[in-house]
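Note sheet for the following structure.
The values are calculated or read from the model by the stated rules, or taken from the named source; none is laboratory data. In this text, all values refer to a predicted model and were calculated from it rather than measured experimentally. So basically every Cβ, Gly included, is an ideal-geometry build from the backbone, and we count neighbours across all protein chains shown. To get the accessible areas, we keep the full protein, side chains included, count just its heavy atoms, and leave off ligands, DNA and RNA. Shrake-Rupley method; radii C 1.70, N 1.55, O 1.52, S 1.80 Å.
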Amino acid sequence: MIEITKILVANRGEIALRIMRSAKEMGIKTVAVFSEADRTALHVRYADEAICIGPAPSNQSYLVGAKIIDACQQTGAQAIHPGYGFLSENAAFAREVAAAGLILIGPTPQAMETMGNKLSAKAAALQYQIPMVPGTEEAITDINEAKQRAIEVGFPILIKAAAGGGGKGMRIVEKVADFEEQMDLAVSEATSAFGDGAVFIERYVTSPRHIEIQVLGDTHGNIVHLFERECSIQRRHQKVVEEAPSSVLNEEIRAKMGKCAVDVAHSVNYVGAGTVEFILDENLDFFFLEMNTRLQVEHPVTEMITGLDLVKEQIKIARGEALSFKQEDLKISGHAMELRVYAEDPLNNFLPDIGTLQTYRTPKGNGVRVDDGFEEGMEIPIYYDPMIAKLITYGKDRTEAIDRMVRAIDEYDITGIQTTLGFGKFVMQHQAFVSGKFDTHFVGKYFNADSLKTDNEEEAILAALTAVLHLQQQKKNIQTATEATASVSNWKKNRKKYI
Ligand code: MV4
């Protein structure tokens, strides 16, 4: 057993707070790091100590490994939790952390490196009988050979960058005549985006569901899976709604996918929390795509259905403890939904919306969890990810989780910035989502700004009413601004009755 009494959290926002909360429950002290834009952030106030690591841009602060390691040495933190994004999947950073005699709460640098490249990830997984989409197993070097292989595999095909991830650097090729041109574009794109022009091809699965399996591995060679998360509701490779379990899997496929995920993890002697990503086609055939070697944004839905605290498990694993449960001990209870609340305007092509959280009141009550990192009055910095919160609901079944989500969205009161809350309600109430018959094209297929028009018309009436109230207030000067807002807000909540 390795003693860890102080953890530095190398992240910001909701995930920094979420990690500190688990550390606190375990009696472990926490150190926050922050950029100049985050001086007053909640994660800074929550931590036992906090160190400023530089100017707002993340390449001068949260992405500078040396500053993070320095902050550990200054504060005596023995371990670093990287959260997601930033340095969380950076193998070079993982090596520097180890060289400094510190513990990175996560997998080994070798596992990060292997899984960080899609071709080496597939090569590792090939040691086991893991289903993969037919294509090329190595980077394409000969265009004619590649074209021949594309014909064998069948069009449409997808060109992927080996160094890419999360959909970056992918190109669909519909027919053989387009192959060479698309290939040239893909290689030059991959070279400029990742500094690595290696690309490969796969048959394009046209209407897949995106299903991922959570795994946990300890340093004693035990690996289990914590079932799946359904992540098909996404927009331009940005996930918006996630849920667990998936409504399409049956026990047989779930067990098969789970075993494959565990095998993929074994192929790199995986330690810590990781996620194995699959696509599932209409016949319920699934194919391994890649592995994410970090705690993911959507991990709470897995926590809700398994009753586990994934951050605590990560810390226990980092201390050298063996997993305290076996695969047979794990089961799914109930259903969980997560909506990512982004500071984006769904009516304006999801443009990031910056500003101050003039009103910020979170939903409460049975089966509701909000993971956030902001408070009323705070400004959303422009420098980082636009996700301001995750709204998670839990119910005995999918219907209850959806009903709670709709109720919680209605209770959530945010003014000052546009958010994806209304968009989330649209998803929750859409027949394709409710019935469970959807794929990764859901948003493109069903959503346009008009989908939110009814709500928008109400907003216009609301704005007019706000103006009237404001005028009255100015005239009479008796009502405080707070009361005016409260009464508008009240009207807004009950507006269905008025319209
Ligand atoms: C695919 C695919 C269809 N066929 N591969 C996108 C993210 C990256 N991890 C892999 N992605 C895809 N790979 C084959 N052979 C479709 C996607 C894909 C997708 C996957 C998961 C979630 C959303 C998606 C949206 C568009 C395309």
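Dividing the summed helix terms, -39500 (n - 2.57) for each DSSP H run of n ≥ 4, by the number of residues in the chain produces a 222 nm estimate of -11500 deg cm²/dmol to the nearest 500. Ligands, DNA and RNA left out, the accessible area of the range 134-203 computed with a 1.4 Å probe is 48% carbon and sulfur. What a 1.4 Å probe finds exposed on the range 27-70 is 50% carbon and sulfur by accessible area, rounded to a whole percent. Hey, what D do you get for the chain in µm²/s if you plug the Kirkwood alpha-carbon radius into Stokes-Einstein at 37 °C and 0.692 mPa s? Estimated diffusion coefficient is 136 µm²/s. If R0 is taken as 60 Å, the Cβ-Cβ distance between Leu126 and Gln472 corresponds to a FRET efficiency of 0.25. For Ser232, the shell of other residues with beta-carbons less than 15 Å away shows a net charge of -2, using +1 for Lys and Arg and -1 for Asp and Glu. Any chance you could check the Cα centroid distance between the range 323-358 and the range 144-182 for me, in angstrom? One Cα centre to the other: 32 Å. The calculated FRET efficiency for the pair Glu152 and Lys396, based on their C-beta separation and a Förster distance of 51 Å, comes to about 0.60.
Given the pairs Lys29/Lys312; Lys147/Lys175; Lys118/Lys168; Lys122/Lys259; Lys259/Lys326; Lys239/Lys445, which are separated by over 20 angstrom at their Cα positions? Don't jump to the answer; show the numbers that get you there.
Values: Lys29/Lys312 14 Å; Lys147/Lys175 10 Å; Lys118/Lys168 12 Å; Lys122/Lys259 16 Å; Lys259/Lys326 13 Å; Lys239/Lys445 16 Å.
Result: no pair exceeds 20 Å.
The 1.4 Å probe gives accessible areas that order Arg39, Arg407, largest first, as Arg39, Arg407.
As a test of the definition: which semi-axes, in Å, follow for the range 231-290 when you take the square root of five times each eigenvalue of its alpha carbon gyration tensor? Largest first, please.
20, 16, 11
Amide H contacts for Ile103 (H built 1.01 Å from N in the peptide plane; partners 5 or more residues away or on another chain; cut-off under 5 Å): Ala79, Ile80. Taking all protein chains together, Ser435, Ser22 sort by accessible area into Ser435, Ser22, largest first [probe 1.4 Å]. Ligands, DNA and RNA left out, the accessible area of the range 209-453 computed with a 1.4 Å probe is 47% carbon and sulfur. Here the label points at Glu25 and Asn269, each 7 Å from Cα along the C-beta direction, are separated by 3.1 nm in the simple model.
Given the Cα-Cα distance of Glu321 and Asp142 and 0.36 nm per residue of separation, how much length would full extension add, in nm? Full extension from Glu321 to Asp142 adds 59.6 nm. All other residues with a Cβ under 14 Å from the Cβ of Lys6 taken together, and with Lys, Arg as +1 and Asp, Glu as -1, what is their net charge? That sum, taken over residues with Cβ under 14 Å, equals 0.
Solvent exposure of the chain, expressed per residue, is 43 Å² of accessible area, with all protein chains present and a 1.4 angstrom probe.
Rg and Dmax of the range 6-105, based on Cα coordinates, read 11.9, 32 Å.
Neighbours of Asp48 by Cβ distance under 11 Å: Lys/Arg scored +1, Asp/Glu scored -1, total +3. Rounded to the nearest 10 degrees, what's the angle between the helix 398-411 long axis and the longest principal axis of the chain, both from Cα atoms, 0 to 90? Orientation of helix 398-411: about 40 degrees from the principal axis.
Projecting the Cα atoms of Asn11, Ile317, Ala408 onto the dipole axis of the chain, where Lys and Arg carry +1 and Asp and Glu carry -1 at the beta carbon, places Ala408 farthest toward the positive end.
If only the Cβ of Lys and Arg carry +1 and only the Cβ of Asp and Glu carry -1, the dipole of the chain around its Cα centre is close to 1360 debye.
Sparsely packed loop sites in the range 229-302 (the GluC sites (Glu not before Pro) outside DSSP H, G, I, E and B with at most 12 other Cβ atoms within 10 Å) comprise Glu282.
Of the whole protein surface, Lys175 contributes about 110 Å² of accessible area at a 1.4 Å probe radius. Residues Asp353, Asp397 ordered from highest to lowest accessible area at a 1.4 Å probe: Asp397, Asp353.
Each residue of the range 279-292 is assigned a 3J(HN,Hα), and the resulting list reads 10, 10, 8, 4, 8, 6, 7, 10, 9, 5, 10, 6, 10, 9 Hz, derived from the Karplus form 6.51 cos²θ - 1.76 cosθ + 1.60 (θ = phi - 60°), x at Gly and Pro.
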